[in-house]
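**Q** Shown below is the structure under consideration.
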Amino acid sequence: MTNKKQTHYIIIGGGIAGVSAAEAIREVDDTGKITLICSESELPYFRMNLTRYLAGEIDESKLPLHTEAWYKTHQIELLLENKVEVIEPKKKKLILSDKSDLSYDQLIIANGAQPFVPPFPGKDLKGVMTVRSHTDADQILDCCASPIKVICIGGGLLGLENAGALAKRGVDVTVIETFDWLLPRQLPKEGGKKLEESIKKMGIKVVTGGKVKEIRGETTVKAVAFEDGSELPADLVLITTGVAADLNLAKAANLKVNKGVVVDEQMRSSEADIYAAGDICECNGKLYGLWLPAKAQGTVAGHNAAGKKDVFKEMPPSAKLKVLGIDLFSVGQVAPADEKDLLLTETKRDCFAGFVLREGVIVGASLLGDLGLMEEVKMAVNDKRPVADANKKISVAFIKEKLKA
């Protein structure tokens, strides 16, 4: 009787998608070899907690997803401070930055995304940074050890959370958003303006409709200049304008790519025995760039790589603010996309609620200040729940009553 060949699973990337893939593989295959390749020197960590680390709410001991002992117990080999330089699908081989090579039976690409930096003149000046890694966070904290003026270019979730984190440390912070309101992906205009009021009360300055022309300075950043001719002084500029999938490896391996590595619902790429998950992948035409979908996709990829059938179920994008101490939740579509859509809003004191309906069905919602209906809203959007006849005139109060029922 011959022994079954040990399967070698290689996972590229130590973010939540990669670690979830490793966990899922081990659920199915308790003898296969798992190698997790990470470019950073630290144990894989909870990237979403970097802003809490910046704020001083947690120390670095709370960042890792698992302890070193956990990886040893689950027989997961960690290759830290190493990068995959080349994927050779036909040979099922990888070439690493240390010039070694590895053969795989099943490969999961979960190397995530890189910060998107608009091509501003001056973007390469000293003092212009992005926030993506533990090292980035430490460098920012070093800069903020003395009184400085910080500008966050980008008023999305990342920009606001970084601004909130540094404001908690007493830093002078200004947020610049190109749109006319904050969080344009999570809030309609009325909600964004209400959020702006709350953030300004915390001492964070906000510039909306700010069209950045260039970042000024000789060798070190001195100011951010706008298209209208005005400028703001700055000692540190954080670019928080989103991320883009890191596709260099996948393109060189001739995988099918669009905005991300194109995968099916089982996270399979265009090449046999290669899967992709997390910020790197595009499923059903969507790149989520969010923690929960990345975790779910990693699990699906791991299960399928190990032979257990699993599918990724589409998830309406949802988001919550953490560091600012402001209760905010949004899910699905937060503004009308066509003439069939109806946006209903309600503003009371520091609270805002907005619902988008399409033919009587809730397709998205945003809540600010009061999250009492968050779970009901999430389920209604996930289930595409009708709340009223499409022709009936309704209000936010009516929708809230229907959700409570």
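The values are calculated or read from the model by the stated rules, or taken from the named source; none is laboratory data. Because the structure is predicted, anything quoted here is derived from the model rather than measured. Because the Cβ atoms are built from the backbone with ideal geometry, glycine has one as well, and the counts that use them run over all protein chains shown. For the accessible areas, the whole protein counts, side chains as well, though only heavy atoms, and no ligand, DNA or RNA atoms are used. Shrake-Rupley method; radii C 1.70, N 1.55, O 1.52, S 1.80 Å.
**Q** Of the accessible area of region 1-103, with the probe set at 1.4 angstrom, what percent is carbon plus sulfur? Before the final figure, lay out the partial values.
**A** Details: 2720 of 5550 Å².
Within region 1-103, the accessible surface is 49 percent carbon and sulfur.
**Q** Follow-up. In this model, which of LYS123/LYS320; LYS189/LYS222; LYS92/LYS251; LYS384/LYS404; LYS90/LYS286 are farther than 21 Å apart at the alpha-carbon?
**A** Values: LYS123/LYS320 29 Å; LYS189/LYS222 32 Å; LYS92/LYS251 16 Å; LYS384/LYS404 16 Å; LYS90/LYS286 28 Å.
From the list (LYS123/LYS320; LYS189/LYS222; LYS92/LYS251; LYS384/LYS404; LYS90/LYS286), the Cα-Cα distance tops 21 Å for LYS123/LYS320; LYS189/LYS222; LYS90/LYS286.
**Q** Roughly how many nanometres apart are two label points built 7 Å out from the Cα toward the Cβ at PHE179 and PHE226?
**A** With each label point 7 Å from Cα toward Cβ, the separation is 1.8 nm.
**Q** Give the Rg/Rh ratio for region 237-336, taking Rg as the radius of gyration of the Cα atoms and Rh as the Kirkwood radius, to two decimals.
**A** In region 237-336, Rg relative to Rh is 1.03.
**Q** How many nm separate the modelled label positions at LYS33 and GLN114, each set 7 Å beyond the Cα in the direction of the Cβ?
**A** Going from the LYS33 label point to the GLN114 one covers 3.1 nm.
**Q** What number comes out for accessible area per residue over region 85-135 if the probe is 1.4 Å? Units Å², please.
**A** Working: 2590 Å² over 51 residues.
Ligands and nucleic acids excluded, the result is 51 Å² per residue.
**Q** Roll a 1.4 angstrom probe over the protein heavy atoms and tell me the percent of accessible area of region 140-264 that is carbon or sulfur.
**A** Carbon and sulfur: 48 percent of the exposed surface of region 140-264.
**Q** Per residue of the chain, what 222 nm ellipticity follows from adding -39500 (n - 2.57) for every DSSP H run with n ≥ 4, rounded to the nearest 500? Mind dumping the intermediate values first?
**A** Working: 10 runs with 98 residues, N = 405.
Here the helix-only value at 222 nm equals -7000 deg cm²/dmol.
**Q** Now for a separate question. With bins 10 Å wide starting at 0, give me the P(r) of the chain over every alpha carbon pair, in whole percents.
**A** Histogram of Cα-Cα distances, whole percents per bin: 5, 20, 27, 26, 17, 5, 1, 0.
**Q** Now a separate question. On a full-extension model of 0.36 nm per residue, what is the gain between LYS72 and LYS384, subtracting their alpha-carbon distance, rounded to one decimal in nm?
**A** Stretched fully, the LYS72-LYS384 segment lengthens by 108.0 nm.
**Q** How large is the translational diffusion coefficient of region 294-405 in µm² per second when you combine the Kirkwood radius over alpha carbon pairs with Stokes-Einstein at 20 °C and 1.002 mPa s?
**A** Diffusion coefficient, whole number: 139 µm²/s.
**Q** Could you give the DSSP H helices of the chain that reach 15 angstrom or more along their long axis (alpha carbon positions) and whose average Kyte-Doolittle hydropathy is no lower than -1.0?
**A** Numbers: long enough: 16-28 (18 Å, 0.92); 157-168 (16 Å, 0.74); 189-201 (19 Å, -1.79); 291-305 (21 Å, -0.19).
Helices meeting the span and hydropathy rule in the chain are 16-28, 157-168, 291-305.
**Q** In region 190-217, which residues have a backbone nitrogen under 19 Å from the label point lying 7 Å from LYS149's Cα in the Cα-to-Cβ direction?
**A** Answer for this model: 200, 203-217.
**Q** Please name which of TYR104, HIS134, SER146 has its Cα lying farthest along the dipole of the chain towards the positive end, using unit charges on Cβ (Lys, Arg +1; Asp, Glu -1) and the Cα centre as origin.
**A** Highest projection toward the positive end goes to TYR104.
**Q** Would you kindly work out the equivalent ellipsoid of region 322-376 from its C-alpha gyration tensor and give its semi-axes, the square roots of five times the eigenvalues, largest first in whole Å?
**A** With the √(5λ) rule applied to region 322-376, the semi-axes are 22, 11, 10 Å.
**Q** Starting from the Cα gyration tensor of region 284-326, take the square roots of the eigenvalues, sort them a ≥ b ≥ c, and report rounded, prolate or oblate (rounded when a/c is under 1.5, otherwise prolate if a/b is larger than b/c, else oblate).
**A** Prolate, since a/c reaches 1.5 and a/b exceeds b/c.
**Q** Distance from the Cα centre of region 115-177 to that of region 295-335, in angstrom?
**A** Result: 26 Å between the Cα centres.
**Q** How much accessible area per residue does region 295-404 have, counting only protein heavy atoms and a probe of 1.4 Å, in square angstrom?
**A** 50
**Q** Here's a follow-up. Among the aspartates and glutamates, which fall within straight-line cross-link reach of LYS348, defined as a Cα-Cα distance under 16 Å, with same-chain neighbours fewer than 8 residues apart omitted?
**A** Partners within reach: GLU190, GLU196, GLU197, ASP327, ASP370.
**Q** With a cut-off of 18 Å, note down the residues of region 190-220 whose backbone N falls inside the zone around a label point 7 Å from the Cα of ASP341 toward its beta carbon.
**A** Within reach of a label on ASP341, which here means backbone N under 18 Å from a point 7 Å along Cα→Cβ, region 190-220 contributes 190-193.
**Q** If I ignore ligands, DNA and RNA and count only protein heavy atoms, how much of THR51 is accessible to a 1.4 Å probe, in Å² to the nearest 10?
**A** Approximately 10 Å² for this residue.
**Q** Using a 1.4 Å probe, what is the accessible area per residue for region 198-261, in Å²?
**A** 53
**Q** So which of LYS126/LYS149; LYS62/LYS201; LYS83/LYS309; LYS256/LYS308; LYS126/LYS200; LYS168/LYS295 end up more than 19 Å apart, counting from Cα to Cα?
**A** Values: LYS126/LYS149 14 Å; LYS62/LYS201 30 Å; LYS83/LYS309 30 Å; LYS256/LYS308 24 Å; LYS126/LYS200 28 Å; LYS168/LYS295 29 Å.
Pairs exceeding 19 Å: LYS62/LYS201; LYS83/LYS309; LYS256/LYS308; LYS126/LYS200; LYS168/LYS295.
**Q** Here is a further query. Which pairs, out of LYS205/LYS402; LYS193/LYS340; LYS313/LYS340; LYS194/LYS400, put more than 30 Å between their alpha-carbon atoms? Intermediate results must be reported in sequence, preceding the final value.
**A** Details: LYS205/LYS402 38 Å; LYS193/LYS340 25 Å; LYS313/LYS340 26 Å; LYS194/LYS400 20 Å.
With Cα atoms farther than 30 Å apart: LYS205/LYS402.
**Q** If you don't mind, there's one more thing I want to ask. Can you pull the Kirkwood radius for region 248-287, inverse mean 1/r over Cα pairs, to one decimal in Å?
**A** By the Kirkwood definition, the hydrodynamic radius is 9.7 Å.
**Q** Beyond 20 Å, what share of the Cα-Cα pairs of region 1-91 remains, rounded to the nearest whole percent?
**A** Everything past 20 Å amounts to 43 percent.
**Q** Could you tell me which of GLY242, GLN266, LEU232 has its Cα farthest along the dipole of region 223-275 towards the positive end, charges placed at Cβ (Lys, Arg +1; Asp, Glu -1), taken about the Cα centre?
**A** Highest projection toward the positive end goes to GLN266.
**Q** Let me ask something additional. Would you kindly give the portion of the calculated P(r) for region 142-187 that falls above 14 Å, as a percent of all Cα pairs?
**A** Values: 479 of 1035 pairs.
Everything past 14 Å amounts to 46 percent.
**Q** Output the peptides 139-149, 250-260 sorted from most to least packed, where packing is the average of other Cβ atoms within 10 Å over each peptide's residues.
**A** Working: 139-149: 13.7, 250-260: 16.6.
Result, highest mean first: 250-260, 139-149.
**Q** Taking the Cα-to-Cβ direction at VAL361 and at HIS8 and moving 7 Å from each Cα, how far apart do the two end points lie in nm?
**A** Each label point lies 7 Å from its Cα, and together they span 4.8 nm.
**Q** Using the Cα centre of the chain as the reference point, and only Cβ charges (+1 on K/R, -1 on D/E), how large is the resulting charge dipole? Debye, rounded to the nearest 20.
**A** Here the chain has a charge dipole of around 640 debye.
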